[in-house]
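Asks: What follows is a structure written as structure tokens; I'll ask about it next.
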Amino acid sequence: MPDIIHFMKTALTIAGSDPTGGAGLQADIRVFNYFGVYGLSAVSALTAQNTYEMNAILKVDGKFLEEQLNTLVSDIRPDAIKTGMLFSIDAVKAVAKIIKGYELENLIIDPVTISSTGTSLMENGVLDALKEDLFPLAKVITPNIYEATAISGINIMDEKDMEMAAMELKKLGTETVIITGGHFEEVRSQKSEVRSDGETLDLIYDGEKFHRLRGKKIKGEYHGTGCAFSAAITACLAKGISVIEATRKAKKFVDIAIKNAYSIGKGMRLLHV
């Protein structure tokens, strides 16, 4: 009998390693698999962390990251790519070089600036490098409210501020901006508490109109929600799904993963992926 050839969509994660598997490239690959997409990976940093603390970060040399990517992409061309933790400027430049050199499409950037446990996940200057070198190449960026504030310079206190921040971020060259609001009700304005009802908002802006996905905040502390959300969008884009529909699927997926999360450590719960 002749060999049966299976053609499968592929997604590449360029991110840090998380020993818990709750975030980083380990979590991304599990999410890709959930959506029926084959997961590829390149390591941008190593971490010593658990569910309640980050003890150390070892960055991967930019030249070696470029070598990982060049070797991989010269053989397997990914249908979509997501970046997570890019700890150094050299890492950002290495990724940008490969994206442009191979003319890769469907780049999703999760601009992680700080870990769930409060540790900085980038060296000085990396945020500017992201804005200058990678955002113009991106199909989607997925900052949370705190990251959107840091990148746009707009202090997000309410929904109108989210819109203004999204418009500022769009000016950096990305095709679509998605600001996630998982912690929105924790933000306080000078006049009153914002969204004290526990409602969350994910705001999508494509340069022409805003799309809003609302939900309810689920009580508790969870590790890797941003990673899972952006990885789910990446997997959906790899399969040819539109950004809006991919975002809806990603939000639904993360909500279910949170509701069924594991408590296997001393700190935050890990998503059921």
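The values are calculated or read from the model by the stated rules, or taken from the named source; none is laboratory data. Everything numeric here is computed off the predicted structure, so don't read it as measured data. Quick reminder, even Gly has a Cβ in these numbers, built from the backbone with ideal geometry, and neighbours come from all protein chains shown.
Asks: Go through the stretch 250-273 and give me each residue that's touching a residue at least 24 places away in the same chain (Cβ under 8 Å) and not in a loop (DSSP other than H, G, I, E, B).
Replies: Within the stretch 250-273, K251, F253, V254, D255, A257, I258, K259, R269, L270 qualify.
Asks: When the stretch 132-163 is examined, which residues are found to be free of Cβ contacts under 8 Å to residues at least 12 places away in the same chain, surrounded by fewer than 18 Cβ atoms within 10 Å (Cβ to Cβ) and assigned to a helix (DSSP H, G or I)?
Replies: Initially, the stretch 132-163 is screened for residues free of Cβ contacts under 8 Å to residues at least 12 places away in the same chain, giving 132, 155, 160-161.
From the residues that got through so far, the ones that are surrounded by fewer than 18 Cβ atoms within 10 Å (Cβ to Cβ) too are 132, 155, 160.
E132, K160, listed by residue number.
Asks: Tell me which residues, restricted to the stretch 165-196, are charged (D, E, K, R) and either modelled with pLDDT of 50 or more or surrounded by 13 or more Cβ atoms within 10 Å (Cβ to Cβ) (or both). Before you say what the answer is, go through the steps one by one.
Replies: Initial filter on the stretch 165-196 (charged (D, E, K, R)): 168, 170-171, 175, 185-186, 188, 191, 193, 195.
Across the stretch 165-196, the qualifying residues are E168, K170, K171, E175, E185, E186, R195.
Asks: Residue under question is A231, and the condition is that it be closer than 17 Å to K139 by Cα and either small (G, A, S) or assigned to a loop (DSSP other than H, G, I, E, B) (or both); does it hold?
Replies: Values: closer than 17 Å to K139 by Cα: yes; either small (G, A, S) or assigned to a loop (DSSP other than H, G, I, E, B) (or both): yes.
Yes; evaluated as a whole, the condition is true for this residue.
Asks: Can you name the residue in the stretch 66-117 that is touching a residue at least 60 places away in the same chain (Cβ under 8 Å), of a type outside the set (A, V, I, L, M, F, W, C) and buried (at least 24 other Cβ atoms within 10 Å of the Cβ) and, of all such residues, is nearest to I179 (Cα to Cα)?
Replies: Ranking the candidates gives D110 first.
Asks: Every residue in the stretch 7-27 that is modelled with pLDDT of 95 or more and aromatic (F, W, Y), please.
Replies: Selection gives nothing.
Asks: With the requirement that a residue be more than 15 Å from V254 (Cα to Cα), surrounded by 21 or more Cβ atoms within 10 Å (Cβ to Cβ) and in contact (Cβ under 8 Å) with a residue 60 or more places away in the chain, what does the stretch 30-44 give you?
Replies: Correct list: V37 only.
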